[in-house]
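A short write-up of the structure that comes next.
The values are calculated or read from the model by the stated rules, or taken from the named source; none is laboratory data. All figures in this text were calculated on a predicted structure; none of them were measured in a lab. Here the Cβ is made from the backbone with ideal geometry for all residues, glycine too, and neighbour counts use every protein chain on show. To get the accessible areas, we keep the full protein, side chains included, count just its heavy atoms, and leave off ligands, DNA and RNA. Shrake-Rupley method; radii C 1.70, N 1.55, O 1.52, S 1.80 Å.
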Amino acid sequence: MIQAPSRYARVIRVIVPFAALSGLVYLFLITFIPDHYEAASSSISSSALSLRSSLVKGGEAVKSGYQEVANKKAALLNIDFLGKTEHDGDDGARAIKRARAQKEFDLKGGTDGQKRTGHHHHHHHSSKQQIQQKQTGSGEAEDPNDAVDEQAKKVELNTNNIYNDPTAEADEPIYEVEKANGVLVVFTSEEQIQDARQTVRDMEDRFNRGRNYPWVILSALPLTERSKLLTAQLTKGTMTFGTVPKAHYRLPKGIDVGKSMAKDRELIFAGVNINRTAISERHRWRYLSGFLARHELLDGYEFFWRVDPGLEIFCDIDDDPMLEMKKSGQKFAWSMSTTENKDGVLSAWTFVDTFKKSHADVLPQHNSEFFLAKETGDEFTTCTFGVQNSIGRVDFFRSPEYLAFFDAIEHEGLIYYEKFTDAIVATLGISLLLPKSQILHLGGMGWATVSKEWSYCPQSSELNAKCHCNPNPAIKPAHLSCNSFWLGNTKSPRKHERLECDKEGKCVLYIDVTDEPVDQVGGGMEQS
């Protein structure tokens with residue numbers, strides 16, 4: 001019987017002939033063409049080295065080119081996207097990142113600022129954003145780098161977060177108008193930057209276009225350079241960015257966090273209609289009511305107009321309220337009011353009564369205390385001014401009287417142990433320290449907060465012709481208003497309330513939110 005060859009035998013039969021053939025080829029090569037082989041090998045090695053050298057030189061040239069272009073753009077914009085200057089040892093990678101960031105900003109700049117109702121957005125091209133190529137008499141273009149250097153010399157290093165050169169040539173004439181010494185202020189965060197940009201755009205379209213009041217944008221933490229650039233491009237005026245001092249945005253001495261949280265729990269467990277409030281939100285209330293006007297970026301200004309992120313302005317603002325306040329000597333201006341949940345400010349009237357007795361020497365003879373007291377004279381109305389869109393005199397909120405008032409609020413811990421919002425605190429201080437003649441009501445200003453929780457649209461056809469809001473919406477604003485009470489149309493913020501209930505027993509309590517008698521339809525608030 002014939003046995004089949006083993007696996008190893010089959011492998012040997014294949015390998016041996018292949019090895020023999022390979023040996024013969026090798027002998028032929030080294031015997032007959034050694035010189036040609038060495039020459040070919042040397043030529044290939046030389047070509048490879050030459051190609052590698054060319055690639056290295058080319059890469060260095062490209063890297064150097066990127067560095068030069070990026071440095072020119074950075075000098076022109078006066079911005080370093082990574083927070084460093086050219087003297088900090090820039091390298092090619094950083095320059096490329098900056099150039100890419102600039103390109104992204106340029107592309108986005110053409111899409112922001114869409115047409116709004118009745119208005120056209122004009123892009124702002126400041127000296128930091130324009131490179132104009134000059135033409136010689138022969139029609140040949142000069143070196144654009146000269147224009148870059150010339151423009152860069154006009155702008156100081158951006159160490160103060162100041163954007164937009166107010167001396168730059170605009171793409172449309174800036175009209176000379178009479179203005180007050182005022183500034184527009186937004187307190188925002190990186191998470192709210194798009195809402196803040198919407199508010200800036202609305203204010204520019206509805207009020208600041210042609211006036212060019214400066215802007216101050218404040219935040220608890222620094223904003224990114226991209227957010228600053230995207231916001232600054234929305235105005236022709238100067239926009240300055242700053243952060244708040246840490247001491248102004250943290251727990252004051254003596255405040256017990258555990259006690260603050262326990263107060264909320266006690267009210268909730270007791271069945272009171274109240275929500276828990278984060279400590280960070282209380283920090284915000286404290287800063288806006290007590291420290292906003294003290295920020296160093298407001299030094300030198302007479303008025304500051306606070307507008308919160310996401311605020312939507314419905315109507316054209318033809319008359320300058322800051323200029324009106326300057327001429328009439330008024331110290332605070334507001335347009336919308338509402339009422340707060342009384343369960344969150346149970347000790348409000350006790351505080352008012354105590355402060356009046358302990359600081360009688362700082363209270364004016366005729367203040368606006370009527371706005372705080374119900375008919376009995378011993379209970380808080382919970383009426384508050386809409387500080388989200390309000391104007392104040394800087395020196396009033398820095399005055400010894402207001403500082404003494406705020407120190408009393410701090411001493412009692414009312415912001416952290418109860419729900420004394422920035423609106424509550426400001427309303428108490430303003431009403432106690434200012435007569436009604438020094439408080440301006442802006443009746444024709446229609447606006448809404450980002451949540452639409454607060455909303456007002458002028459009712460008169462004359463005023464509404466300059467607005468894009470609906471004066472008679474199907475769904476009424478869900479808040480009570482004290483406007484008629486302030487204006488004297490009612491003797492009480494609770495008088496002439498109108499309760500409407502559906503078949504299921506769900507009721508809405510309406511009270512006027514217009515400047516007209518309370519018989520008119522106004523805002524609403526759900527009642528259980």
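Those residues that are open to solvent by less than 70 Å² (accessible area, probe 1.4 Å), within 21 Å of A423 (Cα to Cα) and either without any contact (Cβ under 8 Å) to a residue 40 or more places away in the chain or of a type in the set (G, A, S) (or both), I need them from the range 250-279; list them, please.
Listed by number, the residues that qualify are S260, D264, A278.
From the list K331, K374, which residue is of a type outside the set (G, A, S), modelled with pLDDT under 90, in contact with a Lys or Arg (Cβ under 8 Å, 6 or more places away or on another chain) and open to solvent by 20 Å² or more (accessible area, probe 1.4 Å)? Quick ask: steps written out before the conclusion?
Values: K331 fails: modelled with pLDDT under 90.
Sole residue among the options that is of a type outside the set (G, A, S), modelled with pLDDT under 90, in contact with a Lys or Arg (Cβ under 8 Å, 6 or more places away or on another chain) and open to solvent by 20 Å² or more (accessible area, probe 1.4 Å): K374.
Assess whether E190 counts as being more than 13 Å from the chain's Cα centre (by Cα) and among the acidic types (D, E). Show your work before the answer.
On the way: more than 13 Å from the chain's Cα centre (by Cα): no; among the acidic types (D, E): yes.
No; evaluated as a whole, the condition is false for this residue.
Looking at the range 337-349, which of the residues that are within 30 Å of the chain's Cα centre (by Cα) and more than 14 Å from F371 (Cα to Cα) is modelled with the lowest pLDDT?
Restricting attention to the range 337-349, the residues satisfying the condition of being within 30 Å of the chain's Cα centre (by Cα) are 337-341, 344-345.
Checking which are more than 14 Å from F371 (Cα to Cα) leaves us with 341, 344-345.
Numbers: N341: 83, G344: 86, V345: 91.
Only one residue fits best here, namely N341.
Scan the range 206-237 for residues that are among the β-branched types (V, I, T) and buried (at least 19 other Cβ atoms within 10 Å of the Cβ) and jot them down.
Our first condition is that a residue be among the β-branched types (V, I, T); within the range 206-237, this holds for 216-217, 224, 231, 235.
Result: V216, I217, T231, T235.
Quick one: which helices (runs of 4 or more DSSP H) sit completely within the range 224-326 and have at least 3 residues that are modelled with pLDDT under 95?
Of the helices (runs of 4 or more DSSP H) lying wholly inside the range 224-326, those with at least 3 residues that are modelled with pLDDT under 95 span 257-269, 279-290.
Sort through D195, D205 and tell me the only one that's touching a Gly at 6+ places or on another chain (Cβ under 9 Å), acidic (D, E) and over 29 Å from R286 (Cα atoms).
Details: D195 fails: over 29 Å from R286 (Cα atoms).
None of the other options fit; the residue is D205.
For the range 387-462, give me every one of the helices (runs of 4 or more DSSP H) that falls completely inside it and has 3 or more residues that are more than 20 Å from E312 (Cβ to Cβ) and open to solvent by 20 Å² or more (accessible area, probe 1.4 Å). Steps first, answer last, please.
Values: elements: 394-397, 400-412, 414-417, 422-433.
Here the list reads 400-412.
Scan the range 448-503 for residues that are on the phi > 0 side of the Ramachandran plot and at pLDDT 80 or above and report the count. Break it down stepwise before answering.
Step one: list which residues in the range 448-503 are on the phi > 0 side of the Ramachandran plot, which gives 452, 488, 496.
When the remaining residues are screened for being at pLDDT 80 or above, the result is 488.
Of the residues in the range 448-503, 1 are on the phi > 0 side of the Ramachandran plot and at pLDDT 80 or above.
Against the definition (in contact (Cβ under 8 Å) with a residue 40 or more places away in the chain, under 30 Å from N483 (Cβ atoms) and among the hydroxyl-bearing types (S, T, Y)), how does T238 come out, yes or no? I'd like the intermediate steps shown before the answer.
Working: in contact (Cβ under 8 Å) with a residue 40 or more places away in the chain: yes; under 30 Å from N483 (Cβ atoms): no; among the hydroxyl-bearing types (S, T, Y): yes.
So T238 fails the test.
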